[in-house]
Amino acid sequence: MDIKIQLYHFIDQLNLINHNFNLLYNDDCESLLLEDSIVNFFVDYKTELSDFLKDLNNDRYSELIDQIVIYSVDDLIKTITRINQFVDIDHTLKAKLYHIYYQFISILIEKMFARTIHIDWLTHQVKQHQAELKVILQEIDELAIYRNEPQNSEDVPCFQYSAKLQLGLMGIDIKSLNGPVIDIGCGEYAYLVNYLVKLGKDIVGIDRSVSNGPHTINTSWFDFDFGEDKWSSIISHQSFTNHFKRQHYKTNGSYIEYIKLYLNILKSLKPKGSFYYTPDLPFIEQFLDSDKYKVERLPIENLGFYSVKITKL
Ligand SMILES: C[S@@+](CC[C@H](N)C(=O)[O-])C[C@H]1O[C@@H](n2cnc3c(N)ncnc32)[C@H](O)[C@@H]1O
């Protein structure tokens, strides 16, 4: 048996349970119990687990805890953003999640090492961990709907679109699309980036859910340095401006951060370069200096919003 795989499986199950029971909505911690099969693993494989840990030296022991903690937090963040794509986990919140998972995983591993895990102890530990998580997750206002809505309230998932659909909606003519190009919020599968790479375009995509690769960077757009006069074309389909719009219309939205970043992105265009995006942002586009930027709007039939092309003059 691969002990490491089993440990990751335990974390997967825990996150699945948290998601299914809607940790935020459900006040009844009794219903957040782990299935017997998951708990039994720690008891049934007491000896193997302990031997596995005893074989590790100090560095590898701490490395294992760190790896599981990172995996757990990443998985939890993916689960949360799958529930609602507008959730933004900032560095402070992420640090708090690391801390909670670190405490939970360390004590679990310590007990595994000492072969002293009991079902009651584990159940109590999991409940305590979930209660702590709940307090932190309730700070996320985008998840607040879950406190008032029925348990199965609707998710706000994030979709990805084919390259052709994206190009069509934004009225982008590939022949006149000059590089370097950046796709902001390219999506986990970076459809447009991959399509344009095959056509020989010099392009990079950034997204908080994409894996790092030759043409993709895993990052939040808030942490990315867009540079100045750098990009000939910038594309963002249903990503950056969708989130900006949400923050603009929301009470207490983080629209100031979005305004700053929007202006930074425009600054990063080369002269004559264009920023293509959808949905439109009429509340800010109207204030752009017409001596510096040309704004073109393209209606999207039946959907009530526009695609926009902003060209730096
Ligand atoms: C609706 S999807 C659109 C993906 C792609 N542009 C498409 O049309 O297929 C929005 C994307 O924005 C990404 N996203 C949301 N907030 C982000 C952030 N702060 N930094 C980077 N990417 C973010 C999500 O991970 C998601 O992949």
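The values are calculated or read from the model by the stated rules, or taken from the named source; none is laboratory data. If you're wondering where the values come from, they're calculated on a predicted model, not measured in any experiment. Counting neighbours? That spans all protein chains shown, and the Cβs are built from the backbone with ideal geometry, glycine included.
Some notes on this structure:
- Exclusive hit being touching a residue at least 60 places away in the same chain (Cβ under 8 Å) and either assigned to a strand (DSSP E or B) or within 30 Å of ASP75 (Cβ to Cβ) (or both), set ASN242, ASN194, ASN252: ASN252
- Checking region 253-274 against the condition returns a match, with at least one residue being hydroxyl-bearing (Ser, Thr, Tyr), surrounded by fewer than 21 Cβ atoms within 10 Å (Cβ to Cβ) and modelled with pLDDT under 95.
- Within region 125-140, one or more residues are within 19 Å of GLN6 (Cα to Cα) and at pLDDT below 90.
- Test: VAL197 is over 29 Å from PHE287 (Cβ atoms), aliphatic (A, V, I, L, M), more than 10 Å from the ligand (Cβ to nearest atom) and in the same structural domain as GLU285 (by TED's automatic domain parsing): yes
- Scanning region 158-178 for residues that are among the hydroxyl-bearing types (Ser, Thr, Tyr) and either within 11 Å of the ligand (Cβ to nearest atom) or in contact with a Leu (Cβ under 6 Å, 6 or more places away or on another chain) (or both) returns TYR161, SER162.
- Taken together, the residues in region 275-291 that are closer than 17 Å to PHE226 by Cβ and either outside the structural domain of SER236 (by TED's automatic domain parsing) or surrounded by fewer than 12 Cβ atoms within 10 Å (Cβ to Cβ) (or both) amount to 0.
- Search result, residues across region 290-310 that are within 18 Å of ILE234 (Cβ to Cβ) and part of a loop (DSSP other than H, G, I, E, B): LYS292
- Of all residues making up region 199-219, the number that are surrounded by 14 or more Cβ atoms within 10 Å (Cβ to Cβ), modelled with pLDDT of 95 or more, polar (S, T, N, Q) and assigned to a loop (DSSP other than H, G, I, E, B): 1
- Matching residues in region 108-124 - criterion: being surrounded by 14 or more Cβ atoms within 10 Å (Cβ to Cβ), part of a helix (DSSP H, G or I) and β-branched (Val, Ile, Thr): ILE109, THR123
- Residues that are closer than 21 Å to ARG208 by Cβ and away from the ligand (no atom under 14 Å from the Cβ), drawn from region 231-252: TRP231, HIS248, LYS250
- Checking each residue in region 221-230 for being surrounded by 14 or more Cβ atoms within 10 Å (Cβ to Cβ) and either basic (Lys, Arg) or within 10 Å of the ligand (Cβ to nearest atom) (or both) picks out TRP221, PHE222, PHE224, LYS230.
- Boolean, ASP88 is within 16 Å of the ligand (Cβ to nearest atom), in a loop (DSSP other than H, G, I, E, B) and either at pLDDT 90 or above or out of contact with any helix residue (DSSP H, G or I) (no Cβ under 6 Å at 6 or more places or on another chain) (or both): yes
- Criterion (modelled with pLDDT under 90, crowded, with 19+ Cβ neighbours inside 10 Å and not basic (Lys, Arg)) met by exactly one of VAL39, VAL43: VAL39
- Verdict on TYR71 being in contact with a Ser or Thr (Cβ under 6 Å, 6 or more places away or on another chain), surrounded by 14 or more Cβ atoms within 10 Å (Cβ to Cβ) and either of a type in the set (Lys, Arg) or in a helix (DSSP H, G or I) (or both): no
- Yes/no for LYS127 being outside any loop (DSSP other than H, G, I, E, B), within 16 Å of the ligand (Cβ to nearest atom) and not assigned by TED's automatic domain parsing to the domain that holds PHE240: no
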